[in-house]
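Beneath this line is the structure, given in structure tokens, with notes to follow.
The values are calculated or read from the model by the stated rules, or taken from the named source; none is laboratory data. Fair warning: this is a prediction, and the values are worked out from it, not measured in the lab. Cβ sites come from the backbone with ideal geometry, for glycine too, and all protein chains shown count toward neighbours. Side chains included, ligands, DNA and RNA excluded: accessible areas come from the protein's heavy atoms. Shrake-Rupley method; radii C 1.70, N 1.55, O 1.52, S 1.80 Å.
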Amino acid sequence: MTLDDTNEIMGCSSSSTIQEKGSDDIKESASDHVKTLVWGLCISAGEGLRQWPTCLVTTDSSLVVFHTHSEEPLSDLIENLEIDLAVPFTNIETLQFDIPEVCLSLKVKSSNKRWFFFSGAQSLKEIHSYVSLHVDQTKEQVLNSSNTQTFIRQFLNSWDFEESDGNVKGGHLIHFLNLDPSTSDKNVSNDPQFPKNSDVLSQIGLFEDQTSNPMILFLTSRHLCILKIDFVALALQESSEANIMRSCSKVIRIPLSFTLLDPKQGCSCKAISNSRRFYDDHVLELMAGHEQLTVVFALPQEKFTFLREFLLLRSNLREIKTIALQRTKKGHLKAHNCPVPATTTQRIPTSSIPQEVPKPHLTLSLLYPAKSLIQQLMEDNQCPSHLSLSSSLVLISSLKGDQLVHFFHDNIAEMENEELKHILWTSVLFYRSPDVETTACVLLSNKAIYFILDDSASSLTNQSMMWTWQPSQNKDTDFLVSFCFTLKLKDLQSVNVGLFDQFFRVMGPSADHIISCLTRDGYSTHRFLQQLMMVLSLVEKVPSPEPSEQDFYSQFGNKSTGKMENYELVHSSKVKFVYPSEEEIGDLTFIVAERKTPQALTSFNILLYVLVFQVHVVPGPNKTVLQPKTLILTSTDVFLLDEDHISYPLPEFAKEPPQREKYRLTDARRIRDLDRVLMGYQTYPQALTLVFDDVPGPDLLCHLTMDHFADADGKSERTQGIGGAEGEVQWCIFVPGADSRERLISLLARQWEALCSRELPVELTG
């Protein structure tokens, strides 16, 4: 029997041939007519457990269960249907949904066995409804069931099931195919355990042992839930109330953010064979973290239904998600041009599932007609040397040309017909974790902003999502698991641009969607914002609702977009671009001016604001630590500050001010006390060492120094740097932006010369 024949049967076929055969067999025991007919899977539990393909039939007065064997071809199979159970409606003790829309259970009077039937939700409902019309309702023989939402909720904690996001999808009858670890990297369809005479019915025999009991797969908005049921224990219970079901079952929850499709599947498609056909229609390979899960869907078409639901729910997640990058044997990233998994749903071979009109998928040649764009993307894919990279980010940074495009579409893109527009390497801060600065490769498409994060992003994941899945220690070396956060452009609400374009902050609808990109380079910020405005012009935004009551001016006033008001540029897409105001400059001026005496404030103004790193040497061979700082240069002084780049301006939903102030002054020196500037690679490549005389100036109210890196004797390391001597203080500063670095040197030299009437000594080191 071929797979197509099996799918025809399991797809609830109701051909006249089958009905005639069923009627003939039933008439041997009762002169009834066939009313409903459903193909599915039956599990009988009593003293033991048995599962087999079944044909469930209702007549005028009876419920009949057929069974068959899988070896016969389709024609012989129909002829060899055998009655396993024929029970009059009056002998039914209970017929109820133990699992809503998934499992219909039957208990017969004077029998210790219970039968569990699995098929399509609509087919089971038809059986349930028909039988309910022919039984005595007062005896509660046919019980109504709760909905899927209520059922699965009893297994979840309250914080896992939010009322607004409580949409449960499923469930799907599945088996897990356990492969030997030594062969786990092979394709399932070529594995010795995978039978070559593959069809649905013969596959059931593969899982008849107790360790391969079928399980039920559910999807919630944030979890993949695997329901394990002890059918034998459940059959022994007098009822199937909620507390009974909980005592006989267990739910394993895997966060959707850690679950993804195995990238290897579907990329080695060869000649179609029976085993390959079964693999395509029933087998799905998932990755939960590093653990590979091979899921076999017992019923036809459920794999494709699950795929649609899974891909949609995962794309709607508003949290950090895992991605898997496939490596080649040489260690490089494998960028192939496989069909994206979503397109697989177009080949569902049954008419029992509503078919969606497939959307056109543009080829890469149409998405990227100009080679100049790919060339520009390759030039953008240059990671600054100071950023720390995990293995996955190292592989991404090595991609060239078309590899970048294929990588984006094979591993990152979540929506159809996306086009990669720009790449930015930067450090990022998340609003919920303001103290964790991590490296990110930011990919801007015409649909979303993707943040591919360093491995340190594992500390940013939602800790409330307790993972009950226990992964094995066997890691697939063919993959690198990385982290990704997606901000869809339709969810983007505003962009805050930092002073002197040193950073920018994007804001979405919640605290999870607030991210600051610390480029520390005005040119990189400008280019990204320019590309962002271009793609936003193509995004269709839902128009804002008009106010209920309008006066004359609001109704006929100026509604043009692109108008600068109060340092806000309202883009045509309704996204606000907020630029620093004079008030913000004034606040910063006031903070640094607090350290000056009133006599020194007469000509006080800020010449330069730049985000830098202060370089500290720690024990170890060539070991340095980069500490983020904000450097401010005035006409007479230079300041170092700690700055909160993520919390300000306060979001509208913020209920209390942040724990940290926006600026905290940590050190200040007079320019006239600058003795010399050292430039070179000895401490850190392209770092500047500012050597000051350690003399408090008369116009500074206090002498600010940091003793955080002081040794046990209280002497600061900063006095023992390059050319350091007693009575000197050294600032080793790394300025990532080349333009900002040159401007800092130029302004320092100009101001020093104006104050000291001679040229600033600049020394080159090795």
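For the subset of the range 445-481 comprising residues that are more than 22 Å from GLU419 (Cβ to Cβ) and open to solvent by less than 10 Å² (accessible area, probe 1.4 Å), which member is modelled with the highest pLDDT?
LEU453
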Filter the range 394-423 for residues that are without any contact (Cβ under 8 Å) to a residue 40 or more places away in the chain and of a type in the set (Val, Ile, Thr) and give the result. VAL394
Can you name the residue in the range 630-665 that is farther than 21 Å from VAL428 by Cα, of a type outside the set (A, V, I, L, M, F, W, C) and buried (at least 17 other Cβ atoms within 10 Å of the Cβ) and, of all such residues, is farthest from the chain's Cα centre (by Cα)? THR636
In the range 105-155, how many residues are outside any loop (DSSP other than H, G, I, E, B), modelled with pLDDT under 75 and either closer than 21 Å to GLU93 by Cβ or open to solvent by less than 60 Å² (accessible area, probe 1.4 Å) (or both)? 8
Report whether or not GLN403 is open to solvent by 70 Å² or more (accessible area, probe 1.4 Å), modelled with pLDDT of 80 or more, over 26 Å from LEU492 (Cβ atoms) and within 23 Å of the chain's Cα centre (by Cα). yes
Within the range 594-610, considering residues that are surrounded by fewer than 17 Cβ atoms within 10 Å (Cβ to Cβ) and assigned to a helix (DSSP H, G or I), the one modelled with the highest pLDDT: PRO598
Going residue by residue through the range 77-85, is there one that turns out to be open to solvent by less than 20 Å² (accessible area, probe 1.4 Å), in contact with a strand residue (DSSP E or B) (Cβ under 6 Å, 6 or more places away or on another chain) and at pLDDT 85 or above? no
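May I ask you to verify whether SER397 is at pLDDT 85 or above and open to solvent by less than 20 Å² (accessible area, probe 1.4 Å)?
No.
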Limited to the range 502-518, what total is found for residues that are in contact with a His (Cβ under 6 Å, 6 or more places away or on another chain) and open to solvent by 10 Å² or more (accessible area, probe 1.4 Å)? 1
Select from the range 606-629 the residues that are under 24 Å from GLY586 (Cβ atoms), of a type in the set (Val, Ile, Thr) and more than 36 Å from the chain's Cα centre (by Cα) and list them in ascending order. ILE606
Candidates LEU307, LEU293, filtered to the one that is modelled with pLDDT of 75 or more, surrounded by fewer than 21 Cβ atoms within 10 Å (Cβ to Cβ) and touching a helix residue (DSSP H, G or I) at 6+ places or on another chain (Cβ under 8 Å): LEU307
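Sort out which residues of the range 509-529 are of a type in the set (Gly, Ala, Ser) and either under 24 Å from LEU633 (Cα atoms) or at pLDDT 95 or above (or both), and write them in order of number. Give the steps one after another, and end with the answer.
Keep residues of the range 509-529 that are of a type in the set (Gly, Ala, Ser), which gives 510-511, 516, 522, 524.
Answer for the range 509-529, where residues must be of a type in the set (Gly, Ala, Ser) and either under 24 Å from LEU633 (Cα atoms) or at pLDDT 95 or above (or both): SER516, GLY522, SER524.
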So HIS422 passes all but one of these: (1) surrounded by fewer than 22 Cβ atoms within 10 Å (Cβ to Cβ); (2) touching a strand residue (DSSP E or B) at 6+ places or on another chain (Cβ under 9 Å); (3) not in a strand (DSSP E or B). Which condition number does it fail? (3)
Output the residues belonging to the range 519-532 that are open to solvent by less than 20 Å² (accessible area, probe 1.4 Å) and within 15 Å of PHE577 (Cβ to Cβ). THR525, PHE528, LEU529, LEU532
Taking the range 310-343 and keeping residues over 17 Å from ASN411 (Cβ atoms) and either modelled with pLDDT under 80 or open to solvent by less than 20 Å² (accessible area, probe 1.4 Å) (or both) leaves LYS329, LYS330
